[in-house]
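The structure appears right after this line, and notes come after that.
The values are calculated or read from the model by the stated rules, or taken from the named source; none is laboratory data. Only a predicted model underlies this, so the values are computations on that prediction, with no experimental measurement involved. No Cβ is skipped: glycine too gets one built from the backbone with ideal geometry, and neighbour counts run over all protein chains shown.
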Amino acid sequence: MTLSLILAFISAAGGETAAAAESISDVQVENLVSDLAFILILGAIVTVLFKWLKQPVVLGYIVAGFLASPHFEYLPSVTTESNIEFWAQLGIVVLLFSLGLEFSFKKLLNVGGSAVVTALIIVIGMMVSGFAIGHFLHFSDMNSLFLGGMLSMSSTTIIIKAFTDLNLRQKKFASLVFAVLIVEDLFAVLMMVILSSIALNNSVEGSEMLFSIGKLVFFLVIWFLVGVYVLPTLLNAIRRYLNNETLLIISLGLCFGMAVFSVYCGFSLALGAFVMGSIIAGISYAERIEQIVTPVKDLFGAVFFISVGMMVDPHIIVEYASPILILSCVVIVGMITFGTFGMLITGQSLRIAMESGFSLTQIGEFAFIIASLGMSLGVLDPNIYPIVVAVSVITTFTTPYFIRMADPAYKLVERVLPKRLHFLIDRYSDKAASESETRTLWHSVLKRYLWRILLYSTVLIAIIVVCLKFLLPWLVDVMPGWGRFFCSLVALILMAPFLLALAMPASKHTERQRLVTANAHFDVPLVVMTIFRLLLALSFIIYMLSAVHSMRVGWIVGFLIFIVLIGTWSGRFKKQMRHIESRFFNNLNERELRRSGKNNNLVSDLHLAFIEVGYGCPFVGERLADSDMRKRYGVNVASIQRGASYIAVPNGNVRIFPGDVLGIIGTDSQIEQLLPILEQNNDDAVSANINEVKLTNIQLTDKSPLVGKTSASAQIRDKYKALLVAIQHPDGSYDHPTGSTVFQPEDVLWLVGNRKLLETLK
């Protein structure tokens, strides 16, 4: 639409054409602005009401969308729904970018096997359940498939809101639930690609699906590698010019740029935005970007959820009341069952498993995004959209109650569960928790091995694809006789460092020795792993040469080149590759390393960490000397970054404020202990306290406890947490209070403080 407007202006050379184009464009712009103004004002009113009712804001947006739709006849509706769809699509891109900022591949690597397995069980179980229920409700195969996808994702927004309201965010099961949600985000992105492929081909072909998944993994790894290498280096090079305005433009530019590139590669806008957000999530600027992007996300996210509410048709909801209730029950029962089962088989206790399962009983933002995807592809029945919205609303309202029900449900199950079965569950969880040091080392070695195989193989495949698809045809056309030779030469030169890195052991020699010494059974797997990576490197050379020349040339020449490459493997090259890998992982973990200080080693086990002070930190407003961080935690404050100012080696009289970045010197354990205390955030509580403080006046009566007392003896500041500003006498004169001022009846006191507390002074 916007492009058409621009083209209309460009093509209008003058006269009536220009006038007509201008008239049309004016009307369209006016409609766009009026629609946006109407839904935002309505959304503001409804969300304020929902905040007052202590309900999720997302539900407020959905209700506002329904009120703005043609289905609600008592208010004006939007003039052009396509305008709202345009903003909503833009909202999806920004929303996925923000979800990517919260996701990060680093978090994915740290979630552990329990979260991955649980998320996989939930997604597969709910997909199958949704597909079966769809058939039971006489939906088509495609509608049932999309329904399964929509029912398989819990809502991150709703769960975080519920945990915050119930003060459960510090519980062990809460961290496991958050880890499951991180993995589900990745599965949701994967699911969007698979569903798009199925919808476009109108069939569930195994080869097509595998190709789509392989293509997705390939591009994810390439984007990830390039992004992690380039972005932190680029941003650090221009850091002196990065104010909030510049950083906002750069981050949104990268977001939309990656989204467009994603479409060019055959994927969706949302996927590219999500990937760029996840790449940025690991760099040190992630917190700033997250803060400055939040208003943009809130704006476009609000429009998206309002557009979701506009799809709600009361007639359809009444007509499909039974399917809505059935699907709501499927979501609640299925999430509890699969979530609890997933946690149990990964070694969690019965209590933790049930608390986690009862927390996942809702669907949210990804359900709407998948539904929007199905609508845009033209494969989803429009009646399903309001059904899913209704299910989301019901499960959102019930989420806090089910979280509270987890403990009574556990006690009930514990009473009725056979003692033998209870003993087996406890034994299994204890065994899973007591993993040996050798087993932990083996898992670490294996994980590094697999990641190296995946990363370097992907890079080598990318080089081969580019050379065969673009370089070879061009060289053969330019140099018919020598084109193939030069293509092979260029490809092998580009592949050489990655081939050597692939052939190089992923683990240290001492680690392999420790494994073999601890248990001789590890000797065979380590030898097999060595042989496999060497054969894999050889296969890439043979395939490249065979594709350019012939199979015979590929095998003979490829084997000789492989021997030459292995022979050139030196300690210097090994050191260089370790340096490149170290830079990659430092860029990947830049944000975390800055917080923990593990990249700023002063001496052994002593680091310089940079930690931002949150609004909920107990030290806010205190002097450094009063915080007593040195005695309590054993750390030293080396510096304070406050906005554009920098305080080096602050003295004990310097106060701590929210947003300060403290340079903390301490050990790993000391910094880990201090991190959650300094980074505490409670924005809602802060705003609530601010609203409680008012400038008010109180007229004293004969019965007032202050009458006859001096301002000093009344202790207004200590007893009533208030500041006396002025005293107005009955004759209309004002006095600035001193310690000797005596309060008289009919005096009017002007005070700043909590109004409810000050009422007791009357």
Out of V48, V93, I need the residue that is within 23 Å of I292 (Cα to Cα), of a type in the set (A, V, I, L, M) and surrounded by fewer than 20 Cβ atoms within 10 Å (Cβ to Cβ). Which one? V48
So, F485, is that one surrounded by fewer than 12 Cβ atoms within 10 Å (Cβ to Cβ) and either modelled with pLDDT under 85 or in a helix (DSSP H, G or I) (or both) or not? no
Does F300 fit the bill of being within 30 Å of L235 (Cα to Cα) and not in a loop (DSSP other than H, G, I, E, B)? yes
If I filter the range 642-659 for residues that are modelled with pLDDT under 80 and charged (D, E, K, R), do I get at least one hit? no
Being charged (D, E, K, R), surrounded by fewer than 13 Cβ atoms within 10 Å (Cβ to Cβ) and modelled with pLDDT under 70 narrows it down to one residue among D702, D683; which is it? D683
List the number of the failed condition for A353; all other conditions in (1) over 21 Å from M191 (Cβ atoms); (2) part of a helix (DSSP H, G or I); (3) in contact (Cβ under 8 Å) with a residue 40 or more places away in the chain hold. (3)
Quick check on the range 231-244. Is at least one of its residues closer than 20 Å to D185 by Cα and buried (at least 19 other Cβ atoms within 10 Å of the Cβ)? no
Qualifying positions in the range 500-535 - surrounded by 12 or more Cβ atoms within 10 Å (Cβ to Cβ), at pLDDT below 80 and of a type in the set (A, V, I, L, M, F, W, C): L500, A501, L502, A503, M504, A506, L515, V516, A518, F522, L526, M529
Quick check on L42: is it outside the structural domain of S444 (by TED's automatic domain parsing), modelled with pLDDT of 75 or more and part of a helix (DSSP H, G or I)? yes
If you take the residues in the range 695-738 that are within 12 Å of L751 (Cβ to Cβ) and β-branched (V, I, T), which one is farthest from the chain's Cα centre (by Cα)? I727
Given the structure, is S349 small (G, A, S) and within 13 Å of V388 (Cα to Cα)? no
Filter pass, G272 being in the same structural domain as R239 (by TED's automatic domain parsing), under 29 Å from T233 (Cβ atoms) and modelled with pLDDT of 80 or more: yes
Index of the failed condition, P323 passing every other in (1) farther than 30 Å from A68 by Cα; (2) in contact (Cβ under 8 Å) with a residue 12 or more places away in the chain: (1)
For M629, all conditions in the list (1) over 14 Å from I677 (Cα atoms); (2) crowded, with 16+ Cβ neighbours inside 10 Å; (3) touching a residue at least 24 places away in the same chain (Cβ under 8 Å); (4) among the hydrophobic types (A, V, I, L, M, F, W, C) hold save one; what is the number of the exception? (1)
